[in-house]
Amino acid sequence: MRNNETPIQESLINQSSIIGKLDYNNQQLFEISQQIQRVPYRESSRQPPRQPPRILPPGPTMPEPDFQSVIDKFNANDSNWFREQIELDFFQKVQAKEIPGSYGRVIQISLQPSGLLLKYKVNGTEWVIPNRQERLWLRAINQSLFSGSPSNNSPLIRPAKLELRDNIWQVKEPGQFQ
């Protein structure tokens with residue numbers, strides 16, 4: 001202890017001198033980093049200069065398919081187009097389930113990764129068509145969901161129209177096969 005200093009005072013003096021040294025070292029590091037930044041970049045003869053990453057402008061967005069093009073692609077069984085649209089999240093895989101409702105039995109639509117139906121939106125209206133990419137797509141069709149005689153060869157005339165009631169997707173108008 002120096003000059004009648006208490007142990008606490010001596011400890012505080014030691015700590016303040018350490019902090020002072022740290023501040024000095026930090027200032028020195030800052031000055032060195034500023035000097036390094038001012039030094040011009042020299043190309044090495046061994047390595048080519050690094051190119052800045054190229055930022056590409058966003059690509060053209062895919063236009064939302066219209067009502068008739070979805071029906072046409074379904075009837076043409078255009079697997080590649082449907083696969084692309086599913087990957088772009090234009091179509092969502094769903095399942096239909098008949099449940100009791102306030103107006104009798106209703107068809108409830110729910111998201112399912114293995115769904116045999118596809119839900120999509122065109123001009124603010126939600127629609128459902130069978131997912132022809134699934135081997136068992138005909139099993140997903142019942143008379144409450146689609147009218148007509150659905151088969152591998154019968155064309156789709158109109159998809160099923162959906163509406164949201166009490167946070168549950170339900171069929172508002174059944175679709176139609178020829």
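The values are calculated or read from the model by the stated rules, or taken from the named source; none is laboratory data. Computed from a prediction, not measured in an experiment: that's the story for all the values here. All Cβ positions, even for glycine, are placed from backbone atoms using ideal geometry, and neighbour counts span all protein chains on display.
Here are the numbers for this structure:
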item	result
Residues of the stretch 157-167 classified as in contact with a strand residue (DSSP E or B) (Cβ under 6 Å, 6 or more places away or on another chain), surrounded by 14 or more Cβ atoms within 10 Å (Cβ to Cβ) and under 22 Å from SER110 (Cα atoms), total	5
Residue ID - nearest to GLU87 (Cα to Cα), chosen from residues in the stretch 122-178 that are among the charged types (D, E, K, R) and part of a strand (DSSP E or B)	GLU126
Tally, over the stretch 69-95, of residues that are in contact with a helix residue (DSSP H, G or I) (Cβ under 6 Å, 6 or more places away or on another chain) and among the aromatic types (Phe, Trp, Tyr)	2
Among the candidates GLY148, GLY115, GLY175, residue that is modelled with pLDDT of 80 or more, under 21 Å from the mean Cα position of the chain (by Cα) and surrounded by 14 or more Cβ atoms within 10 Å (Cβ to Cβ)	GLY115
Candidate set: the stretch 118-145, residues that are modelled with pLDDT of 80 or more and loosely packed, with under 12 Cβ neighbours inside 10 Å; chosen: the one farthest from LYS73 (Cα to Cα)	GLY124
